[in-house]
Amino acid sequence: MARPGKLLTLLAVLAFAGLLLYSTLSSQRVECTVTVAFDNAQNTATASGASEADASREAQTTACGPLVQGMNESIACGRIPPISRQCRTL
């Protein structure tokens, strides 16, 4: 491939990567940190999302991950109220 063709291809790939990064990060508007207690253990996790509800739900799901075994416990942990929840707008 000729030198100008390589440069144009590289620029196109970089522009596409930049567009993907921008579209991914621009949808993350809220960040929440959630602490959950389940089965005599606690864990804290942080997640971001388009809304406070989305970010909080994802943070709780992530915090429950190491504390549970199996789908039943995962569902149960996701339904309990968190010990603490702090959210901020990005």
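Anything in the stretch 1-36 that is assigned to a loop (DSSP other than H, G, I, E, B) and hydrophobic (A, V, I, L, M, F, W, C)? List them, or say none.
1, 2 - these are the residues of the stretch 1-36 that are assigned to a loop (DSSP other than H, G, I, E, B) and hydrophobic (A, V, I, L, M, F, W, C).
Answer yes or no: is there a residue in the stretch 37-55 that is in a helix (DSSP H, G or I), exposed (fewer than 10 other Cβ atoms within 10 Å of the Cβ) and either within 16 Å of the chain's Cα centre (by Cα) or of a type outside the set (Lys, Arg) (or both).
no
Being touching a residue at least 60 places away in the same chain (Cβ under 8 Å) and not aromatic (Phe, Trp, Tyr), is that true of even one residue in the stretch 59-76?
no
Which condition number does residue 84 fail, the rest of (1) loosely packed, with under 15 Cβ neighbours inside 10 Å; (2) under 24 Å from residue 28 (Cα atoms); (3) in contact with a helix residue (DSSP H, G or I) (Cβ under 9 Å, 6 or more places away or on another chain) being met?
Of (1) loosely packed, with under 15 Cβ neighbours inside 10 Å; (2) under 24 Å from residue 28 (Cα atoms); (3) in contact with a helix residue (DSSP H, G or I) (Cβ under 9 Å, 6 or more places away or on another chain), only one is false for residue 84: (3).
Here is a check on your reading of the model: is residue 15 free of Cβ contacts under 8 Å to residues at least 60 places away in the same chain, of a type outside the set (S, T, N, Q) and surrounded by 17 or more Cβ atoms within 10 Å (Cβ to Cβ)?
Against the criterion (free of Cβ contacts under 8 Å to residues at least 60 places away in the same chain, of a type outside the set (S, T, N, Q) and surrounded by 17 or more Cβ atoms within 10 Å (Cβ to Cβ)), residue 15 does not qualify.
Every number in this text was worked out from the coordinates using simple rules, so none of it is lab data. It should be emphasised that the depicted structure is a prediction, and the values quoted were computed from it without experimental measurement. Cβ atoms come from the backbone with ideal geometry, glycine included; neighbour counts cover every protein chain shown.
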